[in-house]
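The values are calculated or read from the model by the stated rules, or taken from the named source; none is laboratory data. None of these values were measured; they are calculated from a predicted model. Virtual Cβ from ideal backbone geometry, glycine too; neighbours counted across all protein chains shown. Heavy atoms of the whole protein, side chains included, go into the accessibility calculation; ligands, DNA and RNA do not. Shrake-Rupley method; radii C 1.70, N 1.55, O 1.52, S 1.80 Å.
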Amino acid sequence: AAVPNNGIGVAGVSYNAGIMPIKVMEKSTTDTASLVKAYDYIIANAATYNVRVVNVSLGAEQSGLDADDKALMRAVDQAYYANILSVFAAGNDDGTIPYYCFPCDFVENGVGVINLTENYAEIGKPSSSSNYNRLGEKTKDLSAPGTRINSTVSGGGYQLMSGTSMATPD
């Protein structure tokens with residue numbers, strides 16, 4: 001949602017969108033309670049802030065979440081029934097691709113996003129580090145650019161980043 005044409009940094013793909021940032025990570029981990037609390041806040045304030053989409057750019061392989069986490073799945077379902085769509089990162093290379101990524105592959109009422117390569121000769125091809133669907137499965141729903149994306153970083157400045165977490169907000 002970065003402002004375009006101001007001579008500063010990057011421009012967002014949806015620069016008229018509002019953002020309601022909610023911190024759920026401490027360093028690089030989170031827990032169910034933090035995510036459920038965030039969803040409760042989002043649902044309670046959806047009308048005030050016109051919330052329609054939640055970006056969940058995290059996965060169990062990096063955050064410490066558990067695939068048996070029913071509380072988070074209930075929170076995602078509650079948001080869905082409140083007309084709020086959750087969009088999930090499909091996960092990045094953990095040494096075994098494809099693999100099941102929580103929460104992306106375990107929620108029914110959400111959208112999973114894979115990361116595309118930046119190589120224009122291979123448009124539409126998943127990045128070699130991006131998780132993708134297993135044969136016959138459809139848990140990942142969309143693909144988006146997510147390789148070498150210029151992004152803001154904590155403390156100020158910009159950095160090129162890659163992964164499904166960069167593709168998910170698109």
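Over the chain, with every protein chain in place, what whole percent of the accessible area is carbon and sulfur at 1.4 Å, could you tell me?
Exposed carbon and sulfur together represent 51 percent of the surface.
Please compute the contact order of the chain in relative form: average sequence separation of alpha-carbon pairs under 8 Å and at least six residues apart, divided by the residue count, as a percent.
Relative CO of the chain lands at 18 percent.
Let me check something: with ligands and nucleic acids excluded, how do Asp40, Asp105 order by accessible area (1.4 Å probe), largest to smallest?
Reading off the accessible areas and sorting them downward yields Asp40, Asp105.
Specify the residue with the greatest mean-square fluctuation among Asn16, Asn115, Asn131, computed from a Gaussian network of the chain linking alpha-carbon atoms under 10 Å apart.
For the chain, modelled as a Gaussian network with Cα springs under 10 Å, the answer is Asn16.
Give the total of Lys-Lys pairs in the chain with Cα-Cα distances below 24 Å; include a pair only if its members are 8 or more places apart or on different chains.
Close lysine pairs found across the chain: 9.
Which is farthest toward the positive dipole end of the chain among Pro4, Ile42, Ile84, measuring Cα position about the Cα centre, with Cβ charges +1 (Lys, Arg) and -1 (Asp, Glu)?
Pro4
What residues have an amide H closer than 5 Å to that of Asn150, excluding those fewer than 5 places away on the same chain, when H is modeled at 1.01 Å from N in the peptide plane?
Met161
Quick one: Karplus J couplings for the range 41-58, per residue in order, coefficients 6.51, -1.76, 1.60, θ = phi - 60°, nearest Hz, x for Gly and Pro?
Karplus-based 3J(HN,Hα) across the range 41-58 equals 5, 4, 5, 5, 10, 4, 5, 4, 9, 6, 6, 10, 9, 10, 8, 10, 8, 7 Hz.
Taking the highest mean first, how do the peptides 33-39, 123-129 order by number of other beta carbon atoms within 10 angstrom per residue?
Descending mean neighbour count gives 33-39, 123-129.
Out of all DSSP beta bridges with both ends in the chain, state the antiparallel percent to the nearest 5.
35 percent
Would you please give the residues with an amide H less than 5 Å from that of Phe102, counting only those at least 5 places away or on a separate chain, with H modeled from the backbone geometry?
Ala60, Glu61
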